[in-house]
Amino acid sequence: MNQDPSRPRRSPIDRRPVGGTTNINSTLSIIIAVLAVLLGFFILRDIRNDQSGQTISAPTEATLDPTQTTVAEIPVETTLVKTAFKVQVTNASGISGSAGQLTTELQGRGYIVQPANNKSEITPKQTVTVVYYLLGSESAAAVIANELGGVGIAAMPQPIPTETGQLGEASVLVLLGTDIAGKPLGSGAVVVPTTTG
């Protein structure tokens, strides 16, 4: 093949995008994806609150000090199935056998209850019973609090005040105080007081 030396050679065409538009498009796609995820999270959170028909405001910091308890009324859902959650009764009253007695009574009323245990060493003796719940189990805690005659409910403190520091499969913890320890279960109330800090 003869090429005419007088003709200038054309350089190959550069097919890369001008100005780094690929980088801008990638960055823009990532930003849009992050915004979509955040927007979806907030929409789902609002839908969950609307479907429950009630919003239970949890304390910002759970405390075991019964002197910081205020009472608010929360309607109890009547459609919650007793076997849809598990309960842990923990003795913080100092009255021997009272957690086992309450565990047996709750089991006799159709609840799924784990074996009773004692409070942790750092948890002080309790004079007031409180029902603690894990996130999403507020209604279950309200049902148990109602069963106990209208005791307070609150979000689960950290560390968990059981002797092992764990709940096992339970999502609701009854921290049994001297107020109802060793007494028969209450008849239940229409509204349940909640602990707010």
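FRET efficiency for residue 32 and residue 84, Cβ-Cβ distance as r, R0 = 25 Å, nearest 0.05? The partial results should precede the final answer.
Values: r = 39 Å, r/R0 = 1.55.
Result of the calculation: an efficiency of 0.05.
With a 10 Å radius around each residue's Cβ, average the other Cβ atoms per peptide and rank 24-33, 122-131, 85-94, highest first.
Those peptides, ordered most packed to least, come out 85-94, 122-131, 24-33.
Kindly rank 147-158, 170-181 from highest to lowest mean number of other beta carbons found within 10 Å of each residue.
Listed from highest to lowest mean packing, they are 170-181, 147-158.
With a Förster radius of 41 Å, plug the Cβ-Cβ distance of residue 121 and residue 185 into 1/(1 + (r/R0)^6) and report the FRET value to the nearest 0.05.
The formula returns an efficiency of 0.90 here.
Each value in this text was obtained by applying a stated rule to the coordinates, not by laboratory testing. Bear in mind that the values here come from a model prediction, so they are computed numbers and not experimental data. Neighbour counts are summed over all protein chains in view; Cβ atoms, including those assigned to glycine, are modelled from backbone coordinates with ideal geometry.
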